[in-house]
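Q: Please see the structure below; I have some questions.
The values are calculated or read from the model by the stated rules, or taken from the named source; none is laboratory data. Computed from a prediction, not measured in an experiment: that's the story for all the values here. Here Cβ is always computed from backbone atoms with ideal geometry, including for glycine, and neighbour counts include all displayed protein chains.
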Amino acid sequence: RVSSRQGFKANNAISLYQKGNVESHSWVGKRASNTNVKLHDNDTDRIARVYADLPDKANTQVIATSSVEQRRLTEAIRGQLKNTGALARHETTLFTQTPHHLSKAQQPLVQHYKPGMTLTHWEKNKPQSFVIASIDKESNTMTALSKRDGQSHTFDPSSRAFKHMKMQINKPQSLNIAQGERLQTLGKHFPAGLDANQSYLVTHIDKESLTLESKGETQRVNLESLKDAPLQYDYVHGAHHIEPKAHTLLSGKAFTLSKPLINDLTEKTERLDIFTDKPDKAQSALEKEQVSPSAIERVLQTQNVNDRYLNDATQDLLKQDVSQALSALAKAQNAPLIEKAVSFALNHLSEREAAFSQKALVVEAVRYAFEEAGGSITKEQVETELTKRSDTLSAEYSDGTRWTTHAALETEKRILQNIDDGKDQHQPFATHKQVQDFLDTKPRLTQGQKDAITLISTTKDSFVAIQGLAGTGKSTMLESNIELIQLVKEASQQPEQSVIGLAPTHAAVAELESKGVKAQTLDSLLSDIRQGNREASDYQHTLFFLDESSMVSNKQADEFTKLVNDSQSKT
């Protein structure tokens, strides 16, 4: 499926066509859904009460769009079930091991492995398991003890040998289990004879065993055999785990409720209750979002007709709209070649520069006329067209005439004003003493890296610029700076600092992620703001790291600096 959000990201065909003045049109064709969808204010306790009161829980699912929300809802639902008597008060504790997944960018970094986690790889068809005892961020290594003989082993997750082992990572957890509990297996567990991805209902508990029911069959399982079983509560699922159910309760912030997610849910449920922080905003976003079936789906479902019925009035309106569209297209197409060529050159050059030379303007205009329109224009024609335009300004320099546009000039003024408005607006992340104490533990850092860390950590301003050539250690500085900020937050018992890496290209984003920084393209961030999927308040007090800022267009810089000030964040 293709959504409207997927079409306008960096380096994609649609944005390329738009730069070439190609007209784009939207067409909506989708089957009507019979699902009853209702929006409600988000209330964890209310969701728990609704679920607890349902007579048919087997045909109901609760979906959360974040892991934090999933845990919160699970606790609330279990508490409500105890209040109603659906869960017994007496509990027994199970110590489990649940799969823990790391992204490709996180896998080579030891900071994402925690003491107590279990590493398992297969050797000669037998599992070999190790429990992580400690990690060393400086050397990027971890010490783990073998479950078989207790021997100590040192692993470097970035090494070829470690990658070749294809380690499975499990995280230790404890579950309080009561009679009436709903559980789910995340993998096969041979000691207890449990199948993978199965749901179980606990029907009886005694000192030595549990009685589990699944698909009408019961089995008695010894508690000892359930040690390290891959079990979790089966009350709330993530958005990636949607099953065909008659009733679905969905909980999530408004910006997470994309139309593709809603579309998937409406295909698999008859009644959908959405609990969100901003119902009005969610309703507006769903109305604006467009999802179209893929070409393959259209071929496979040719018997389905487009649910758009026409009458005489509709026909007249369509004729009027099409006539107006054709008239506008004809006017644009009939514009003189020189006018279109100069407009393209101005738009293209002003994406990156506020001012540009007359030579560059002439080259771009001639190239457009020759390559795109199959015609030819002269330097004199370009110069004449420029003098006729009211949206351009020029000035003489030693190397020739420089041009700009009124719009580009205003954009640069706004950027400078935004940066000026961001001065002296924040409490520093750390004191000079805290920074110095931290830097004393990092003797390998260069003086330039130390100066950059000091500036970022102690400034009161919203914007800080760090300039350095390739290979001078900007990435190392970034990692150390984030580590310092989080250590100060932890010492003062404050929540962990929200950090987002931004870059103009996907390659630069991947580089940030390889350093363990959550990252995305700048264009995707700004697109979410433009489309109403996110608001400035969603990024309040966030620390942004913008890499390769020299590649950012003035339009993007204008929008981004405004977002930083509106969200009271830093960059």
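Q: From the list Leu386, Leu409, pick out the single residue that is among the aliphatic types (A, V, I, L, M), part of a helix (DSSP H, G or I) and surrounded by fewer than 16 Cβ atoms within 10 Å (Cβ to Cβ). Break it down into steps so the answer makes sense when it comes.
A: Numbers: Leu386 fails: surrounded by fewer than 16 Cβ atoms within 10 Å (Cβ to Cβ).
The match here is Leu409.
Q: When the residues of the range 351-395 are filtered to those that are basic (Lys, Arg) and without any contact (Cβ under 8 Å) to a residue 24 or more places away in the chain, which remaining residue is farthest from Ile415 (Cα to Cα)? Reasoning before the result, please.
A: Applying the first criterion (basic (Lys, Arg)) to the range 351-395 yields 352, 359, 367, 379, 388-389.
Among the residues that remain, those that are also without any contact (Cβ under 8 Å) to a residue 24 or more places away in the chain are: 367, 379, 388.
Numbers: Arg367: 31, Lys379: 33, Lys388: 29 Å.
Step by step, filter the range 351-395, then rank; the result is Lys379.
Q: For Leu94, are the conditions met, namely being among the hydrophobic types (A, V, I, L, M, F, W, C) and either buried (at least 18 other Cβ atoms within 10 Å of the Cβ) or not assigned by TED's automatic domain parsing to the domain that holds Ser209 (or both)?
A: On the way: among the hydrophobic types (A, V, I, L, M, F, W, C): yes; either buried (at least 18 other Cβ atoms within 10 Å of the Cβ) or not assigned by TED's automatic domain parsing to the domain that holds Ser209 (or both): yes.
Criteria met by Leu94.
Q: Out of (1) part of a loop (DSSP other than H, G, I, E, B); (2) over 26 Å from the mean Cα position of the chain (by Cα); (3) among the acidic types (Asp, Glu); (4) surrounded by fewer than 16 Cβ atoms within 10 Å (Cβ to Cβ), the odd one out for Glu243 is which?
A: Against the list (1) part of a loop (DSSP other than H, G, I, E, B); (2) over 26 Å from the mean Cα position of the chain (by Cα); (3) among the acidic types (Asp, Glu); (4) surrounded by fewer than 16 Cβ atoms within 10 Å (Cβ to Cβ), Glu243 comes up short only on (2).
Q: Another question about this same structure. Test each condition in (1) part of a helix (DSSP H, G or I); (2) surrounded by 13 or more Cβ atoms within 10 Å (Cβ to Cβ); (3) within 41 Å of the chain's Cα centre (by Cα) for Gln381 and report the one that comes out false.
A: It fails just one condition, (3).
Q: Let me ask something else about it. Select from the range 486-524 the residues that are in a helix (DSSP H, G or I) and of a type in the set (Gly, Ala, Ser) and write down the one among them that is nearest to the chain's Cα centre (by Cα). Step through it out loud before you land on a result.
A: Of all residues in the range 486-524, those in a helix (DSSP H, G or I) come to 486-491, 506-514, 522-524.
In the following step, the residues that additionally are of a type in the set (Gly, Ala, Ser) were identified as 491, 507-508, 510, 514, 524.
On the way: Ala491: 29, Ala507: 16, Ala508: 16, Ala510: 13, Ser514: 16, Ser524: 9 Å.
If we take residues in the range 486-524 being in a helix (DSSP H, G or I) and of a type in the set (Gly, Ala, Ser), then Ser524 is nearest to the chain's Cα centre (by Cα).
Q: Another question about this same structure. May I ask you to list the residues in the range 462-501 that are in contact with a strand residue (DSSP E or B) (Cβ under 8 Å, 6 or more places away or on another chain) and surrounded by 15 or more Cβ atoms within 10 Å (Cβ to Cβ)?
A: In the first step, residues of the range 462-501 are kept if they are in contact with a strand residue (DSSP E or B) (Cβ under 8 Å, 6 or more places away or on another chain); the result is 462-464, 478, 482, 485, 497-501.
Correct list: Ser462, Phe463, Leu478, Ile482, Ile485, Gln497, Val499, Ile500, Gly501.
Q: Would you mention how many residues in the range 353-363 are touching a Phe, Trp or Tyr at 6+ places or on another chain (Cβ under 7 Å) and either in a helix (DSSP H, G or I) or of a type in the set (Asp, Glu) (or both)?
A: Result for the range 353-363: 2.
Q: Please find, among Thr441, Thr459, the residue that is modelled with pLDDT of 85 or more, in the same structural domain as Gln427 (by TED's automatic domain parsing), loosely packed, with under 14 Cβ neighbours inside 10 Å and over 16 Å from the mean Cα position of the chain (by Cα). Before you say what the answer is, go through the steps one by one.
A: On the way: Thr459 fails: loosely packed, with under 14 Cβ neighbours inside 10 Å.
Testing whether each residue is modelled with pLDDT of 85 or more, in the same structural domain as Gln427 (by TED's automatic domain parsing), loosely packed, with under 14 Cβ neighbours inside 10 Å and over 16 Å from the mean Cα position of the chain (by Cα) leaves just Thr441.
Q: I've got another one for you. Is at least one residue of the range 212-226 free of Cβ contacts under 8 Å to residues at least 12 places away in the same chain, within 36 Å of the chain's Cα centre (by Cα) and either assigned to a strand (DSSP E or B) or over 30 Å from Leu272 (Cα atoms) (or both)?
A: No, the range 212-226 has no match at all.
Q: Look through Ser537, Ser550, Ser527 and report the one residue that is in a helix (DSSP H, G or I), surrounded by fewer than 20 Cβ atoms within 10 Å (Cβ to Cβ), touching a helix residue (DSSP H, G or I) at 6+ places or on another chain (Cβ under 7 Å) and of a type in the set (S, T, N, Q). Explain how you work it out, then say what you get.
A: Values: Ser537 fails: touching a helix residue (DSSP H, G or I) at 6+ places or on another chain (Cβ under 7 Å); Ser550 fails: touching a helix residue (DSSP H, G or I) at 6+ places or on another chain (Cβ under 7 Å).
Matching residue, one of Ser537, Ser550, Ser527: Ser527.
Q: Search the range 438-457 for residues that are free of Cβ contacts under 8 Å to residues at least 24 places away in the same chain and pair each with any residue that is part of a helix (DSSP H, G or I) and of a type in the set (Phe, Trp, Tyr) when their beta-carbon atoms are under 6 Å apart and the residues are at least 6 apart or on different chains.
A: none
Q: Sticking with this one: Looking at Gln151, Gln128 in this structure, which one is free of Cβ contacts under 8 Å to residues at least 12 places away in the same chain and outside the structural domain of Ser480 (by TED's automatic domain parsing)?
A: Numbers: Gln128 fails: free of Cβ contacts under 8 Å to residues at least 12 places away in the same chain.
Residue meeting the stated conditions: Gln151.
Q: Show me the strands (runs of 3 or more DSSP E) entirely contained within the range 63-173 in which 1 or more residues are among the polar types (S, T, N, Q), under 32 Å from the mean Cα position of the chain (by Cα) and under 25 Å from Ile242 (Cα atoms).
A: Numbers: elements: 91-99, 118-123, 126-136, 141-146, 152-155.
Filter on the range 63-173 gives 91-99.
Q: Here's something else I'd like to know. Considering the range 189-206 alone, what residues qualify as being under 36 Å from the mean Cα position of the chain (by Cα), assigned to a loop (DSSP other than H, G, I, E, B) and surrounded by 14 or more Cβ atoms within 10 Å (Cβ to Cβ)?
A: Filtering the range 189-206 down to residues under 36 Å from the mean Cα position of the chain (by Cα) leaves 189, 194-201.
Retained after the next criterion (residues that are assigned to a loop (DSSP other than H, G, I, E, B)): 195-198.
Passing the criteria: only Gln198.
Q: Has the range 256-269 got at least one residue that is of a type outside the set (Gly, Ala, Ser) and either in contact with a His (Cβ under 8 Å, 6 or more places away or on another chain) or outside the structural domain of Asp56 (by TED's automatic domain parsing) (or both)? Show your work before the answer.
A: Start the filter on the range 256-269 by keeping residues that are of a type outside the set (Gly, Ala, Ser), which leaves 256-257, 259-269.
Now drop any that are not either in contact with a His (Cβ under 8 Å, 6 or more places away or on another chain) or outside the structural domain of Asp56 (by TED's automatic domain parsing) (or both), which leaves 269.
Yes; the residues of the range 256-269 include at least one that is of a type outside the set (Gly, Ala, Ser) and either in contact with a His (Cβ under 8 Å, 6 or more places away or on another chain) or outside the structural domain of Asp56 (by TED's automatic domain parsing) (or both).
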